[in-house]
Amino acid sequence: MPFSTIATPEAKPVANYKMATRMEGGRLLYVSGQVAWDANGNIVGKGDARAQARQVLQNLRGVLQAAGGDLKDLMKMTTYITKVEDRPAVAEARSEVFQGELPASTLIVVKSLFHPDFLVEVEGIAAVAS
Amino acid sequence: MPGVSVNPSRVLFTAGLTGRTPDGKLVPGGMAGQAHRTFERLQAILGHAGARFDDIVKQLVYVTDIDAYNASGRAERAKFFGSTRPASTGLVVRRLADPAMLIEVELVVDLAGAPQGKPLLEKYNVEDHGGNFYQGVIVNGGRLLYLAGQVANNPDGTVAGTGDWRRQAEKIYENIGHVLRAAGGTPASAVKETTWVLSIDSWREHSPPVRRAFYNGDYPASTLVEIAGLAQPEFLVEIEVIAAVA
């Protein structure tokens, strides 16, 4: 792995994610905030945060794979949602695709995303093998 | 671009920049004026590090009014970015540092040159802004460290300081300190800080002594944003830190 996981008994995460990750090698990959667009630019799951989150994570994985990586290479992810009540559905969609712990993670409820139909946006930072 | 990857030998992180003049006043001209000023300031920060808009890896654009951004902010951005397309995230947030502020932009930039012979961190300002942050921090080599968003939780999972801004600030910086030390760093290792709060006014009233004591003058580049909510209703603040260690 081109990164290591930092853990300390003095400060623990509040859910199933890593407290911090430290890059140890490889290439640093910044992934744009991914939204629930399919390959043709159509919104998937209008009004349905779970369906959007699934599409968002599929798109995120696609970007990572195009750079020679995968979800396991994510050091950090930030999830933006527009309604706090969508949090459980988005968390479930995430746990469907991540084996074990999530990367270092942040979840923020914003006023909106750049299109009113978007309910979820996820951006990531990864360390991919050179 | 969907994603941009670089060899992380020298990386610049900027603070969130806005349409302010060095004396703290917002420029006139609404979104167009503020956006122009924001990118002009980012250009100066890039220039100080020997970089150009083409070298940007990632941009994060915060706006308070998406219609205004689409109507006049994007065109200002295009004047500076040209055909450059970094990795990008855009968010509409409740409020920025000043209630009249319409846009804030932060960047991650790939710098040319070798890190050898340079200090691990070069923190700098291009304006005498008087704030408790640096406008740019260059990381020369070392290892980048990404912290999860830190909230005011105790190791047993309970929330410290429900309804208490000061206590939450103390607990969060305590947690950040623990994580930085566990990774071989100190508070001075912080490169970029993003502070997400439910109320900028409350944060400004209660947090400055806590934050000052934590960083002891050795501040990171920073961004402060007011948002609608966090993962649990008790959380008033969440702080993300990017750091670098040797």
Considering only strands (runs of 3 or more DSSP E) wholly within the range A:23-130, the ones with at least 1 residues that are in contact with a Pro (Cβ under 6 Å, 6 or more places away or on another chain) and within 13 Å of chain B (Cβ to nearest Cβ) are A:27-34, A:74-81, A:120-128
Can you tell me which of B:129, B:36 is more than 14 Å from every other protein chain (Cβ to nearest Cβ), buried (at least 17 other Cβ atoms within 10 Å of the Cβ) and modelled with pLDDT under 95?
B:129
Only one of these conditions is not met by residue B:115: (1) surrounded by fewer than 19 Cβ atoms within 10 Å (Cβ to Cβ); (2) under 25 Å from residue B:182 (Cα atoms); (3) free of Cβ contacts under 8 Å to residues at least 60 places away in the same chain. Which number is it?
(3)
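Looking at A:117, A:70, A:86, A:38, can you tell me which residue is touching a helix residue (DSSP H, G or I) at 6+ places or on another chain (Cβ under 8 Å) and touching a residue at least 24 places away in the same chain (Cβ under 8 Å)? Lay out the reasoning, then the answer.
Numbers: A:117 fails: touching a helix residue (DSSP H, G or I) at 6+ places or on another chain (Cβ under 8 Å); A:70 fails: touching a residue at least 24 places away in the same chain (Cβ under 8 Å); A:38 fails: touching a residue at least 24 places away in the same chain (Cβ under 8 Å).
Criteria check complete, one pass: A:86.
For the range B:86-111, which positions are assigned to a loop (DSSP other than H, G, I, E, B), within 29 Å of residue B:228 (Cβ to Cβ) and not β-branched (Val, Ile, Thr)? Lay out the reasoning, then the answer.
Taking the range B:86-111 first, the residues assigned to a loop (DSSP other than H, G, I, E, B) are B:86, B:93-94, B:96-102, B:111.
From what is left, the residues that are within 29 Å of residue B:228 (Cβ to Cβ) are B:86, B:93-94, B:96-102.
Of everything in the range B:86-111, those that are assigned to a loop (DSSP other than H, G, I, E, B), within 29 Å of residue B:228 (Cβ to Cβ) and not β-branched (Val, Ile, Thr) turn out to be B:86, B:94, B:96, B:97, B:98, B:99, B:100, B:101, B:102.
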Of all residues in the range B:43-85, which are part of a loop (DSSP other than H, G, I, E, B), within 17 Å of residue A:30 (Cβ to Cβ) and of a type in the set (A, V, I, L, M, F, W, C)?
B:51
Failed item in (1) surrounded by fewer than 22 Cβ atoms within 10 Å (Cβ to Cβ); (2) facing chain A (nearest Cβ under 10 Å); (3) in contact (Cβ under 8 Å) with a residue 24 or more places away in the chain, with residue B:181 passing the rest:
(3)
Positions within the range A:50-84 being more than 14 Å from the chain's Cα centre (by Cα) and within 25 Å of residue B:238 (Cβ to Cβ), in sequence order:
A:82, A:83, A:84
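Might you check whether a residue that is farther than 21 Å from residue B:132 by Cα, away from every other protein chain (no Cβ under 13 Å), of a type in the set (Ser, Thr, Tyr) and surrounded by fewer than 18 Cβ atoms within 10 Å (Cβ to Cβ) occurs anywhere in the range B:84-92?
If we filter the range B:84-92 for residues that are farther than 21 Å from residue B:132 by Cα, which is where we start, we get B:84-92.
If we keep only those that are away from every other protein chain (no Cβ under 13 Å) too, we end up with B:84.
Still in the list and also of a type in the set (Ser, Thr, Tyr): B:84.
Subset that is surrounded by fewer than 18 Cβ atoms within 10 Å (Cβ to Cβ): B:84.
Within the range B:84-92 (the criterion being farther than 21 Å from residue B:132 by Cα, away from every other protein chain (no Cβ under 13 Å), of a type in the set (Ser, Thr, Tyr) and surrounded by fewer than 18 Cβ atoms within 10 Å (Cβ to Cβ)), the answer is yes, since at least one residue qualifies.
Quick one: is residue B:54 surrounded by fewer than 19 Cβ atoms within 10 Å (Cβ to Cβ), at pLDDT 95 or above and under 23 Å from residue B:124 (Cα atoms)?
It is true that residue B:54 is surrounded by fewer than 19 Cβ atoms within 10 Å (Cβ to Cβ), at pLDDT 95 or above and under 23 Å from residue B:124 (Cα atoms).
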If I filter the range B:228-239 for residues that are under 22 Å from residue B:121 (Cβ atoms), within 11 Å of chain A (Cβ to nearest Cβ) and either surrounded by fewer than 22 Cβ atoms within 10 Å (Cβ to Cβ) or not polar (S, T, N, Q) (or both), do I get at least one hit?
yes
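The values are calculated or read from the model by the stated rules, or taken from the named source; none is laboratory data. Everything numeric here is computed off the predicted structure, so don't read it as measured data. We place every Cβ from the backbone using ideal geometry, glycine too, and count neighbours over all the protein chains shown.
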